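Engineer: If you scroll down you'll find the structure; I have some questions about it.
Each reported figure results from applying straightforward, stated rules to the coordinates on display, with no laboratory input. In this text, all values refer to a predicted model and were calculated from it rather than measured experimentally. As a convention, Cβ positions derive from the backbone with ideal geometry for all residues, glycine included, and neighbour counts pool all protein chains shown.
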Amino acid sequence: MADGLVHLVDDDLGVRDALAFLLRSRGLTVRAFDGGPALLAALDAEGPPRGVFLLDVRMEPMTGTRLHDELLARRLKNPVLFLTGHGDIPMVVEALKKGAFDFLEKPYSDNALADRIEQALAVDAAMQAEGAQAAERSARLASLTEREHEVMTRVAAGKLNKVIADELNVSVRTVEVHRARVFAKLGVRSAAEVATLLAGR
């Protein structure tokens, strides 16, 4: 996945440089940090990032698992992969329970590591797309007037225009106008699409 962004955190300069070289050779963009505090400072200054996090576990002054906790506290859902030369089963289980994408022990295969990161980037891209679609859906729904919203919910329930008109005490023609506006604002062409859109909220 060319141009994928990897946030690499390792306090060992030699390892950090080697990993950055490996990932860049696969067409990935790498932002390297020498520790958790440096990454968190960058995130606080720049806002939610795209891409994935590749964290060493044994770091000073903040371990990779502690950094993962900090990322979760910031409600970041980017895939997180751990690298360690000292992994143990409890640590692996705890990291995975908290949503880590994977946990890779050193020494690792360069190709296997790069492949796994590309898989994580594909997951991140899918999550970003889903988030963008949800934001667009929310914006479309927010553009409806109160009356259009009343008509929309009844259309989604499969009610006929005449029934909707009776329930809202308006003319059928008024319902038709509001219905047309709802379809236009939501970018749909049928009641079924309205129902599907609402179900995805």
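Engineer: Give the separation of the Cα centroids, the range 1-78 to the range 172-196, in Å.
Structural biologist: Cα centroid to Cα centroid, the span is 46 Å.
Engineer: Here is a further query. Would you mind getting me the FRET efficiency between F21 and E46? Use the beta-carbon distance for r and R0 = 25 Å, nearest 0.05. Write out the running numbers ahead of the final one.
Structural biologist: Values: r = 24 Å, r/R0 = 0.97.
With R0 = 25 Å, the Cβ-Cβ based efficiency is 0.55.
Engineer: Turning to a different aspect of this structure: Please give the peptides 93-103, 148-158 ranked by average Cβ packing (other Cβ atoms within 10 Å per residue), highest first, as a rough proxy for protection. Write out the running numbers ahead of the final one.
Structural biologist: Values: 93-103: 15.5, 148-158: 18.7.
Per-residue mean Cβ counts within 10 Å order the peptides as 148-158, 93-103.
Engineer: Taking all pairs of different Cα atoms in the range 24-144, averaging 1/r and flipping that mean, what Kirkwood radius in angstroms comes out?
Structural biologist: Working: mean 1/r = 0.0638 Å⁻¹.
Mean inverse Cα-Cα distance, inverted, gives 15.7 Å.
Engineer: Could you tell me which residue out of T153, V163, A142 lies farthest along the dipole of the range 48-201 toward its positive end? Charges go on the beta carbon: Lys and Arg +1, Asp and Glu -1, centred on the Cα centre.
Structural biologist: In the range 48-201, that residue is V163.
Engineer: Give the shape of the range 2-58 as rounded, prolate or oblate, defined through the alpha-carbon gyration tensor: a ≥ b ≥ c are the square roots of its eigenvalues, a/c under 1.5 means rounded, and otherwise the shape is prolate if a/b is larger than b/c and oblate if not.
Structural biologist: On the way: a/c = 2.35, a/b = 1.13, b/c = 2.08.
Verdict is oblate for the range 2-58.
Engineer: Name the shape class, rounded, prolate or oblate, that the alpha-carbon gyration tensor gives for the range 120-201, where a ≥ b ≥ c are the square roots of its eigenvalues, rounded holds for a/c under 1.5, and otherwise prolate holds if a/b is larger than b/c and oblate otherwise.
Structural biologist: Numbers: a/c = 3.48, a/b = 2.75, b/c = 1.27.
The shape class here is prolate.
Engineer: To the nearest 20 debye, what is the magnitude of the charge dipole of the range 1-92 about its Cα centre, counting +1 on the Cβ of each Lys and Arg and -1 on the Cβ of each Asp and Glu? Could the numbers behind the result be given before it?
Structural biologist: Details: 10 positive and 13 negative charges, 84 e Å.
In debye, rounded to 20, the range 1-92 gives about 400.
Engineer: Putting +1 on Lys and Arg Cβ atoms and -1 on Asp and Glu Cβ atoms, find which of P61, S109, P79 reaches farthest to the positive end of the dipole of the chain.
Structural biologist: Going by the Cα projections, it comes out as P79.
Engineer: Report for the chain the percent antiparallel among DSSP-assigned beta bridges with both residues inside it, nearest 5. Present the calculation step by step, with values, prior to reporting the outcome.
Structural biologist: On the way: 0 of 17 bridges.
Here the antiparallel bridges make up roughly 0 percent for the chain.
Engineer: Peptides 69-80, 5-16: what's the order by average Cβ count within 10 Å, highest mean first? Mind showing how you got there, number by number?
Structural biologist: Values: 69-80: 15.4, 5-16: 17.9.
Going by the mean number of other Cβ atoms within 10 Å, highest first, we get 5-16, 69-80.
Engineer: Treating only the Cβ atoms of Lys and Arg (+1) and Asp and Glu (-1) as charged, compute the dipole magnitude of the chain about its Cα centre; round to the nearest 20 debye.
Structural biologist: Dipole size: approximately 1300 debye.
Engineer: Just how large is the dipole of the range 3-46 about the Cα centre, in debye to the nearest 20, putting +1 at every Lys and Arg Cβ and -1 at every Asp and Glu Cβ?
Structural biologist: On the way: 4 positive and 8 negative charges, 49 e Å.
Charge dipole of the range 3-46: 240 debye, to the nearest 20.
Engineer: If amide H atoms are built 1.01 Å from N in the plane of the peptide, which residues on other chains or at least 5 residues away come under 5 Å of the amide H of L8?
Structural biologist: So L8 has HN proximity to R31, A32, F33, L54.
Engineer: Listed highest first by mean packing, meaning other Cβ atoms within 10 Å per residue, what order do 55-62, 22-29 come in? All intermediate terms of the calculation are to be shown ahead of the outcome.
Structural biologist: Numbers: 55-62: 18.0, 22-29: 15.8.
Averaged packing, sorted descending, gives the order 55-62, 22-29.
Engineer: Now for a different question. So what's the back-of-envelope 222 nm ellipticity for the chain, counting only DSSP H runs of four-plus at -39500 (n - 2.57) apiece and dividing by all residues, rounded to 500? Write out the running numbers ahead of the final one.
Structural biologist: Details: 9 runs with 119 residues, N = 201.
The helix-only estimate for the chain comes to -19000 deg cm²/dmol at 222 nm.
Engineer: Using Cα pairs closer than 8 Å and at least 6 residues apart in sequence, work out the relative contact order for the chain, in percent.
Structural biologist: Working: 241 pairs, mean separation 31.4, N = 201.
Value for the chain: 16 percent.
Engineer: Now a separate question. For F103, enumerate residues with amide H under 5 Å from its amide H, sequence gap 5+ or separate chain, H modeled in the peptide plane.
Structural biologist: Here the answer is F82, since their amide H atoms fall under 5 Å of that of F103.
Engineer: Using the Cα gyration tensor of the range 119-158, with a ≥ b ≥ c the square roots of its eigenvalues, what is the shape: rounded (a/c below 1.5), prolate (a/b larger than b/c) or oblate (neither)?
Structural biologist: On the way: a/c = 8.49, a/b = 2.81, b/c = 3.02.
Here the range 119-158 falls in the oblate category.
Engineer: In addition: Would you grab the residues whose amide H sits under 5 Å from the one on M59? Only those 5+ places off in sequence or on another chain, please, with H modelled 1.01 Å from N.
Structural biologist: G64
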